[in-house]
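Here the structure is laid out as structure tokens; the discussion comes afterwards.
What follows draws every value from the coordinates through simple rules; no lab data is involved. All values reported here derive from a predicted model rather than from experimental measurement. We place every Cβ from the backbone using ideal geometry, glycine too, and count neighbours over all the protein chains shown.
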């Protein structure tokens, strides 16, 4: 299995459990690894034969910007579902970073992995 990835995709969204978090957008960052087979694309050199990371990023930006989840865990699960179901990705690893959520910590978030590496 090959991996196509997006690193540090920054998106503004409403996320959190506290009252103030429900009123202001915060920046989250996504690191996504998506399992796929790039052999056909490498042979044809054509975008239609690969996982289009621009299409993935545009879809996730729209989704996350419009979401208003309380938990980072819920956001992570939904993002993985979109990647797997809409882009036919059998395996995805996602890191959601909610920078600044904890004073004194550089990063806080979740890392989840869904599907099977083929």
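Considering only 37, 107, 45, the mean-square fluctuation computed in a Gaussian network model of the chain, springs between alpha carbons under 10 angstrom, is largest for 45. May I ask for the distance between the Cα centers of segment 64-80 and segment 1-44, given as a whole number of Å? What the calculation gives is 11 Å, centre to centre. Applying 1/(1 + (r/R0)^6) with R0 = 22 Å to the Cβ-Cβ distance of residue 31 and residue 103, what FRET efficiency is obtained, to the nearest 0.05? The value I calculate is 0.45. For 34, 1, the sequence from fewest to most other C-beta atoms within 10 Å is 1, 34. Calculated mean residue ellipticity at 222 nm for the chain: -9500 deg cm²/dmol, from DSSP H runs with n ≥ 4 weighted as -39500 (n - 2.57), summed, divided by the residue count and rounded to 500. Taking other C-beta atoms within 10 Å as the exposure proxy, 17, 32, 61 rank 17, 61, 32 from fewest upward. Working value for segment 24-81: equivalent-ellipsoid semi-axes of 29, 12, 8 Å, each the square root of 5 times a Cα gyration tensor eigenvalue, largest first. Between residue 38 and residue 73, the distance separating the two model label sites (each 7 Å from Cα on the Cα→Cβ line) works out to 3.4 nm. If the chain linking residue 88 and residue 5 were pulled fully straight, counting 0.36 nm for each residue of separation and taking away their Cα-Cα distance, it would gain 28.4 nm. Mind checking which of 27, 36, 62 has the largest fluctuation in a GNM of the chain, springs on alpha carbons under 10 Å? Result for the chain, Cα springs under 10 Å: 62 fluctuates most. Exposure proxy for 103, 22: other Cβ atoms within 10 Å of each Cβ, ordered fewest to most, give 103, 22. Where is the GNM fluctuation largest for the chain (alpha-carbon springs, 10 angstrom cutoff): 94, 60, 71? Comparing 94, 60, 71 in the GNM, the peak value goes to 71.
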